[in-house]
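A quick write-up on the structure given underneath.
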Amino acid sequence: MTDISYRLAQKRNIITELPGPRSVELAARRRAAVSAGVGASTPIYTADADGGVIVDVDGNSLIDLGSGIAVTSVGASHPAVVAAVAEQAARFTHTCFMVTGYEGYVELAERLNALTPGDHEKRTAFFNSGSEAVENAVKVARLATGRNAVVAFDHAYHGRTNMTMALTAKAAPYKTAFGPFAPEVYRMPASYPYRDGLSGEAAAKAAIRKIETQIGAASVAAVIIEPVQGEGGFIVPAPGFLAALSDWCTANGVVFIADEVQSGFARTGAWFAVDHEGVVPDIITTAKGIAGGMPLAAITGRADLLDAVHPGGLGGTYGGNPVACAAALAAIDAMAELDLAGRARAIEALALPKLRALAGTGVIGDVRGRGAMLAVEIVVPGGDEPDAALTKAIAAEAFARGVVVLTCGSYGNVIRLLPPLVISDDLLGEGIDILADVICDLTS
Ligand SMILES: *Cc1c(COP(=O)(O)O)cnc(C)c1O
């Protein structure tokens, strides 16, 4: 495996209270200037970030187990990404691809067409956010099929725009008071092995029966699903669930959309999470990890679907911005060179035993995940009652000790680990050990 070199010392080093005085100052300015609707998982402000560390404005160095929500897989300042951004920005920052094109957009589309599952003819279009990619995948599916209904699942998260709020399962905070939502979205039971105990086949059968009785296959344009559900709790469906759904879609002329905005780009130990199941989606949506931190999103799918759209039907002023495309090409090269999929599997091998060893605390309902997309579901001892308060306390105490961890889950009771894939083994081990200590300390 290629050695990774770092610009910043890969060390946890807490030199002030957290948050420190400069972060406190910025928080006050934020309150006066920034909408209260924009949340904050931690109270600190960033000065620098590299590899597995975030250095705040007070000089504290924290271990990053969140990657800015699965974005900085190659690190937040990978040298090749930084160089590609600088080089492209010095030539032109924007033309709008729909006005005068540029090679980076075309080259990145070629790369995604080759990298994504399936060797069929594919096309790609670029957007600015995961939500926008999902919106456009639905547009393509509806146009290509001439049908309206879209099937989404329990625990799904697809974004914060109107269509994607409708597709998202969890009301608070994503949907509360923001309706009315886009129509023709139908929610079906997902596969949640820890809570439903069903095999993949049985869970798929239940969902398909419900689709057929409540919507009718002939009305369904698309089935959209996250191959590993993200915000909903890092839920890995039982083996066979995705394949059964995908087969049903193929048999019924329904577009199968894999939303890999969070799970894509080596995060789960393969280029894409569907690769673990041998599933080939009709359309795949990507974003987060794609461009080393630059905002970029894509839909990649069957040429006949994406080329069914009339010219001008897809696009956007900034979609596939040249700087973001240059960053993505550099980030994807880095993922391949550093074998970050292999790194993700190594992270799983290092972290899972440490997390499983916490069973004795009684609060670990489930330990699950794939690659560097790992989670611990926190429950009240003796059953499976979610303990959101303890989960929140664990994340807060880990932060106080200098480790950034995020929570998620429909019931708010999941600690999720999304370290940068370039984090060193030492730093990752230290971060997980601290998290484990916190869980022990808060439950003893
Ligand atoms: C984050 C996420 C989105 C939304 O992406 P944004 O860039 O925040 O709009 C969509 N789908 C999944 C699976 C995500 O994790």
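The values are calculated or read from the model by the stated rules, or taken from the named source; none is laboratory data. This one's a predicted model, so the numbers in the text were calculated from it and none came from an experiment. Here the Cβ positions follow ideal geometry from the backbone for every residue, glycine too, while neighbour counts run over all protein chains shown. Protein only, heavy atoms only, side chains kept; ligands, DNA and RNA dropped before computing areas. Shrake-Rupley method; radii C 1.70, N 1.55, O 1.52, S 1.80 Å.
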Would you confirm whether or not segment 248-258 contains a residue that is within 14 Å of the ligand (Cβ to nearest atom) and at negative phi?
yes
Only one of 372, 328, 357 that is buried (at least 19 other Cβ atoms within 10 Å of the Cβ), farther than 17 Å from residue 230 by Cβ and modelled with pLDDT of 95 or more:
328
Residue list for segment 334-384, filter: in contact (Cβ under 8 Å) with a residue 12 or more places away in the chain, part of a helix (DSSP H, G or I) and more than 24 Å from residue 266 (Cβ to Cβ)
357, 358, 361
Mind counting the residues in segment 111-139 that are β-branched (Val, Ile, Thr), touching a Gly at 6+ places or on another chain (Cβ under 9 Å) and within 16 Å of the ligand (Cβ to nearest atom)?
2
Looking at residue 189 and the list (1) surrounded by 19 or more Cβ atoms within 10 Å (Cβ to Cβ); (2) in contact with a helix residue (DSSP H, G or I) (Cβ under 6 Å, 6 or more places away or on another chain), which single condition is not satisfied?
(1)
What number of residues within segment 273-285 are crowded, with 24+ Cβ neighbours inside 10 Å and out of contact with any Leu (no Cβ under 7 Å at 6 or more places or on another chain)?
4
So which residues in segment 164-198 are more than 19 Å from residue 413 (Cβ to Cβ) and within 16 Å of the ligand (Cβ to nearest atom)?
164, 165, 166, 167, 175, 178, 181, 182, 185, 187
I'd like the residue in segment 32-89 that is assigned to a helix (DSSP H, G or I) and free of Cβ contacts under 8 Å to residues at least 12 places away in the same chain and, out of all such residues, is least open to solvent (accessible area, probe 1.4 Å).
86
So, restricting to helices (runs of 4 or more DSSP H) that lie completely within segment 161-277, which ones have at least 3 residues that are among the hydrophobic types (A, V, I, L, M, F, W, C)?
162-167, 200-214, 241-251
I'm trying to understand the selection: among the residues of segment 414-444, which are part of a loop (DSSP other than H, G, I, E, B) and either within 12 Å of residue 65 (Cα to Cα) or under 18 Å from the mean Cα position of the chain (by Cα) (or both)?
418, 419, 420, 421, 422, 423, 424
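Could you check how many residues of segment 149-160 are assigned to a loop (DSSP other than H, G, I, E, B) and touching a Lys or Arg at 6+ places or on another chain (Cβ under 8 Å)?
So the count comes out to 4.
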Are any residues in segment 141-163 in contact with a helix residue (DSSP H, G or I) (Cβ under 7 Å, 6 or more places away or on another chain) and away from the ligand (no atom under 16 Å from the Cβ), and if so, which ones?
144, 147, 148, 149
Looking at (1) within 16 Å of the ligand (Cβ to nearest atom); (2) open to solvent by less than 30 Å² (accessible area, probe 1.4 Å), which one does residue 221 not meet, given that it meets all the others?
(1)
Select from segment 302-312 the residues that are outside any helix (DSSP H, G or I) and in contact with a helix residue (DSSP H, G or I) (Cβ under 7 Å, 6 or more places away or on another chain) and write down the one among them that is nearest to the ligand (Cβ to nearest atom).
309
Residues in segment 16-31 that are touching a residue at least 12 places away in the same chain (Cβ under 8 Å), farther than 26 Å from residue 429 by Cα, surrounded by 14 or more Cβ atoms within 10 Å (Cβ to Cβ) and not aliphatic (A, V, I, L, M): how many?
2
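Every residue, every condition in (1) buried (at least 23 other Cβ atoms within 10 Å of the Cβ); (2) in the same structural domain as residue 414 (by TED's automatic domain parsing); (3) modelled with pLDDT of 95 or more; (4) in contact with a strand residue (DSSP E or B) (Cβ under 6 Å, 6 or more places away or on another chain), yes or no:
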site	(1), (2), (3), (4)
130	yes, no, yes, yes
144	no, no, yes, no
166	no, no, yes, yes
170	no, no, yes, no
194	no, no, yes, yes
204	yes, no, yes, no
Within segment 183-201, count every residue that is in contact (Cβ under 8 Å) with a residue 24 or more places away in the chain and closer than 26 Å to residue 384 by Cβ.
13
For residue 108, state whether it is touching a Cys at 6+ places or on another chain (Cβ under 7 Å), open to solvent by less than 10 Å² (accessible area, probe 1.4 Å), away from the ligand (no atom under 16 Å from the Cβ) and at pLDDT 95 or above.
yes
Go through segment 68-94 and report how many residues are out of contact with any Gly (no Cβ under 8 Å at 6 or more places or on another chain) and within 23 Å of residue 317 (Cα to Cα).
10
How many residues of segment 1-15 are over 22 Å from residue 335 (Cβ atoms) and surrounded by 15 or more Cβ atoms within 10 Å (Cβ to Cβ)? The answer is 2
